[in-house]
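Where a number appears in this text, it was derived from the coordinates with a stated rule and is not lab data. It should be emphasised that the depicted structure is a prediction, and the values quoted were computed from it without experimental measurement. Ideal geometry is used to build each Cβ from the backbone, glycine not excepted, and the neighbour counts take in all protein chains shown.
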Amino acid sequence: MLDSQVRLLSARQRWLQAGGVALIALVLGALATPQLIYPFGHDQGIYSACGDVIRRGGVPIRDCFESKGPGVMVLYAVALSIAFSTVAVHAFTLTWQAVTAALVGWTARTMFHPAAALPAAAFYWLIYAGINYWSMNQAETFSNLFIVLSLYLAWRGVSNERRSAPDLHLLFISGISAGILMWFKYTFGLLIAAIGAGLLLQAWLRARALREALRGGVAFSAGAIVINALVLIYFALAGGIPALVEQFNVFRELFPLGPPRTFPEIVQFLWRFTDNGADLTGDYKATVPQWIFFGGGFPLLFILAILGGAQFIRPVNGDGLARYGYLVGLFVAGLAVVAIQAKYVQYHFTILHGPLAIMAGAGVAAAWLWLRAPGAAQRALGALVGLAGIAAFALLVARMLPWVYDTYINVIVQGKSLREIHLESRVSPQLYLADYIVAHTRPDEMISLFGDAPWVYMLTQRRNATRFPFADVWAPAHGSWTNAEFGRQFYEQIVANRPTYFILTRDDYPWLGVRHIDNWKRLTDLHAYVEANYRYEAENGPFLLFRRKD
């Protein structure tokens, strides 16, 4: 009788726990719903244009140029194949982030304590839910899954309690997952190195055997090499190697894209991440208030991470030091990637979300352990740290409430269409241009924009006459190999495909300092061809439209 009562109580506890997790997941999901109605910014416009080319059978970079790796374009192609809409891409990304958050939680549980799992997953999700619309769906967004998966497999591959030697199969798969990062951004090679170094440190501390540590490192490296070799073989078979060489020349001439910074400036820019993740949340609408209190909870996440380190860094078979070797190594490598790119925009910091959330989850787990400790001082410390965890959660939630309310009013109360909502955003000129093009062309006609409004290709569902969905990297680089070569290609593809419309942007659109009219005139062959074969037809907001004469 007593046994059955205990089993019944245990079953009820499990159901209550499952219900609590489901309720938290529902709340977290609701907080991210505004992302479904966000418009596309500049980068998302590029990826959607390239994703459309890929889903039509094109080869990334070769048939649609972008300075980043092909990984993000391929995932856009998958999302757009499900449904050709912004909502489909956003829903695909949120699903991807839900899987990543779950993996973050599972990794925190495996590396630290079961009590770290739910807080780490929730922190990761909330950090991502509150970023700007132009920071969504980026290379960093999708890379986090592979970073955390590689970290989890590396940890399990070395610390498997059932065997003393490293599990080379798991480490090989960890290397594959890490190697994929190269095809999102080539600077992510630093993250691969950080995981590999952590693996060697963990294997050495655990077994104190150099041979075993090296075997694990070789298995990891082999996985990374194999996946990169397979991608290169694909490009070779598809005729895409010259496009990769062009990318190399772009990096050689034009990278980094940001201006040189002094060391104090670099530190100042990086420090912004401790205060609300580097930027305010979701600012595509000026009408929605920003609810940002105490850095949106970010300072508390760092406090939790430090306190978690105080609890869990104590060595057990060397694991205490190794786990922070991985996580701090990934965090520092991520900061280096941000600094190398030299632009310090919010989405560049996204690769820091995983290690920060895992370490913050460890801080909450430490609070749980201290609350159950016999000493009054430890219990008091546990209560304070637990309150810090609750406050971090609440502050991350608070910054999204105005956006949830705005979404509710617009979608539920006022019943606005997605188009009406997007017309209230900063990228509304692209929608008006798209309306004009759709009204004046057939679906099988091509267009070409010499500017930085790549979302227009998706909005119009008109194919790009060239392989260049944007011009902001190469067109202003006067006198460079990239400018001359890409200008030549642009001209030759315009001549070959004869788009119905050639479209320029006025100065200072979409950001200050843009001078694409001057950039176009400096490409003398292209300028002469357009002048001879196109006539000025209309002005549409910041866009100047030239229609083919025949």
Over the C-alpha atoms of the chain, what are the Rg and the largest Cα-to-Cα span, Dmax, in Å?
25.5, 94
List the lysines whose Cα lies under 30 Å from the Cα of Lys68, skipping any in the same chain that are fewer than 8 positions away.
Lys185, Lys285, Lys343, Lys521
Can you tell me the orientation of helix 241-254 relative to the chain, as the angle in degrees between its alpha-carbon axis and the longest Cα principal axis, to the nearest 10?
90
Calculate, in nm to one decimal, what Arg379 and His440 gain on full extension: separation in residues at 0.36 nm each, minus their alpha carbon distance.
14.8 nm
Translational D (Stokes-Einstein, µm²/s) of the range 48-198 at 10 °C and 1.306 mPa s when Rh comes from the Kirkwood sum over C-alpha pairs?
96
Quick check: residue separation of Arg426 and Gln341 times 0.36 nm, minus the Cα distance between them. What number comes out in nm?
28.1 nm
Least to most buried among Phe302, Phe112, Phe502, Phe248, by other C-beta atoms within 10 Å and fewest first, runs Phe248, Phe302, Phe502, Phe112
DSSP bridge pairs, the chain: antiparallel proportion in percent, nearest 5:
65
Can you compute the modelled spin-label distance between Trp291 and Ile306, with each label point 7 Å from Cα toward Cβ, in nm?
2.8
Taking the Cβ of each residue in Arg498, Arg206 as the centre, tally the other Cβ atoms inside 10 Å and list the residues starting with the fewest.
Arg498, Arg206
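Take the Cα atoms of the range 428-548, build their convex hull, and give its volume per residue in Å³.
89
Which shape class applies to the range 322-424: rounded if a/c is under 1.5, otherwise prolate when a/b exceeds b/c and oblate if not, where a ≥ b ≥ c are the square roots of the Cα gyration tensor eigenvalues?
Numbers: a/c = 4.21, a/b = 1.44, b/c = 2.93.
Taking the square roots of the gyration eigenvalues as a ≥ b ≥ c, the range 322-424 is oblate.
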Quickly work out the Asp525-to-Ser417 label distance, labels modelled 7 Å from Cα along the C-beta direction, and quote it in nm with one decimal.
4.3
Tilt of helix 210-238 relative to the longest C-alpha principal axis of the chain, in degrees (0 to 90, nearest 10)?
20
Based only on other Cβ atoms within 10 Å, what is the fewest-to-most ordering of Met73, Met136, Met446?
Met446, Met136, Met73
Which peptide among 81-88, 126-133 comes first, and what is the full order, when sorted by highest mean count of other Cβ atoms within 10 Å?
126-133, 81-88
When the Debye formula is applied to the Cα atoms of the range 121-209, each taken as the same point scatterer, what base-10 log of I(q)/I(0) results at q = 0.19, 0.20, 0.23 Å⁻¹?
-0.87, -0.93, -1.08
Can you give the helix-only mean residue ellipticity at 222 nm for the chain, where every DSSP H stretch with n ≥ 4 adds -39500 (n - 2.57) and the sum goes over all residues, rounded to the nearest 500 deg cm²/dmol?
-21000 deg cm²/dmol
Mind running the shape call on the range 95-404? Use the C-alpha gyration tensor, a ≥ b ≥ c as the square roots of the eigenvalues: rounded below 1.5 for a/c, prolate if a/b tops b/c, oblate otherwise.
oblate
